[in-house]
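No lab work stands behind these numbers, since they all come straight from the coordinates. Treat the numbers as computed from the prediction; the structure is a model and nothing was measured. Positions of Cβ are generated from backbone atoms using ideal geometry, with glycine treated the same way; all protein chains shown enter the neighbour counts.
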Ligand SMILES: Nc1ncnc2c1ncn2[C@@H]1O[C@H](COP(=O)(O)OP(=O)(O)OP(=O)(O)O)[C@@H](O)[C@H]1O
Ligand SMILES: [Mg+2]
């Protein structure tokens, strides 16, 4: 069937780095991407066809985005889901559905969904309005306290091993989750389109710094057996299918000590653990997000080799206009690919970019990472 160009007008709620990295896929397919973001010249707004400035839960701004779009997708899940559901009921096409976004926004409801649909996940119990330490002891220590809503990048997650930890608990609506020991964390990107076609990427291993409990780097493919690799892809597809919608999803998984896979949480959008796909896979996660939005046949997810992705975050002790050091050195390293997110302010720990290294084996990639970290850094221009 002939198709008129531009192929579509794609609206994106949120203009962060994920939407920014969707822009090249839109440009390649002659899709006009309009961003809604509160910030003038947001990271994605800088490179999009158009940007509407407004809050992500502002009914007027969301309505305006819908008027300018044939399909709407998301850069993040912290958006006005109720108004989006009303707009979807009025006929606006959204990928994924706002009902799925709303379900995922609430981690407790997300976990209940997994329990109901038979998707393996760590055991959990709600904490109620006025919890006591006795409730925690009854559930079992160690465990993890998680807020129902609003958590990201580990904020909203608190490990409880003792009464002292309980004293430092999160003072908001929360639930308890069994602590999964074993230490291996995987993520599988999955794309699904309205035809029912589903594809999964190879599981990526999230290597966490054991002292800082922060993501250190991502390795693709994950260092797991072929059997576990296939199980992880299967479970990730099943999880996405349980939502009964289309789009791109990041499925975070734990591997328990017994070698069992448990779904931690799902992101209904592109994900940090899929950034390597830009250079390392036949089709990037962003291109498959766009194909899912347009209901086009999905692209192959095969890895072209081994890959390592590390975030470039603001150095402690500085704020202000971003200053990068080591760009010359990085540029001389073979098969190192830097992505800067266009943020005009650098703060300690803020994700300012990432880089992906491609190579033959993981050991060599980690060695290259260590040499890059000696020279590459980003910080604000003003000491704090
Ligand atoms: N039940 C658990 N057992 C062991 N570790 C856990 C558990 N839940 C969370 N964690 C640790 O805390 C990290 C953050 O948890 P989670 O992914 O639920 O929160 P988040 O705030 O959404 O984080 P992010 O935005 O980084 O994905 C996990 O990647 C894992 O290292
Ligand atoms: Mg997570």
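The mean sequence separation of alpha-carbon pairs under 8 Å and at least six residues apart, normalised by the residue count of the range 204-339, gives a relative contact order of 20 percent. For the chain, the relative contact order works out to 13 percent when only alpha carbon pairs closer than 8 Å and six or more residues apart are counted. The alpha carbon centroids of the range 96-117 and the range 320-384 are separated by 35 Å.
At 0.36 nm per residue, and after removing the present C-alpha to C-alpha distance, how many nm does the segment from residue 41 to residue 282 gain when stretched out fully? That works out to 83.7 nm of additional length. Can you give me the C-alpha center-to-center distance between the range 301-318 and the range 259-292, rounded to a whole angstrom? Taking the Cα centre of the range 259-292 as reference, the centre of the range 301-318 is 14 Å away. Normalised Debye scattering of the range 292-384 at q = 0.14, 0.22 Å⁻¹ gives log10 I(q)/I(0) of -0.60, -1.03, counting only Cα atoms as equal scatterers and leaving out solvent. Out of all DSSP beta bridges in the chain, what portion is antiparallel? Express it as a percent rounded to 5. Antiparallel: roughly 80 percent of the beta bridges in the chain. When only Cα pairs below 8 angstrom with a gap of at least 6 residues are kept, the range 26-172 shows a relative contact order of 13 percent.
According to the calculation over all Cα-Cα pairs in the range 146-287, the P(r) per 5 Å bin from zero is 2, 9, 17, 21, 20, 15, 9, 5, 2, 1, 0 %. For the chain, the Kirkwood hydrodynamic radius from C-alpha pairs, put into Stokes-Einstein at 25 °C and a viscosity of 0.890 mPa s, yields a diffusion coefficient of 113 µm² per second.
In the range 8-94, the alpha-carbon atoms span a convex hull of 71 Å³ per residue. Modelled spin-label separation between residue 223 and residue 364, with each label point placed 7 Å from Cα along the Cα-to-Cβ direction: 1.7 nm. Where only DSSP H runs of four or more residues are counted, the chain gives -8000 deg cm²/dmol as its mean residue ellipticity at 222 nm, each run worth -39500 (n - 2.57). Distance distribution note for the range 184-383: the fraction of Cα pairs above 25 angstrom is 40%. The packing ranking of peptides 54-60, 310-316, 330-336, highest mean first, is 310-316, 54-60, 330-336, where packing means the average number of other beta carbon atoms within 10 angstrom of each residue.
Once the gyration tensor of the Cα atoms in the range 123-178 is diagonalised, the equivalent ellipsoid follows with semi-axes of 16, 12, 11 Å, ordered largest first. Neighbour counts of other Cβ atoms within 10 Å put 344, 37, 70 in the fewest-to-most order 344, 70, 37.
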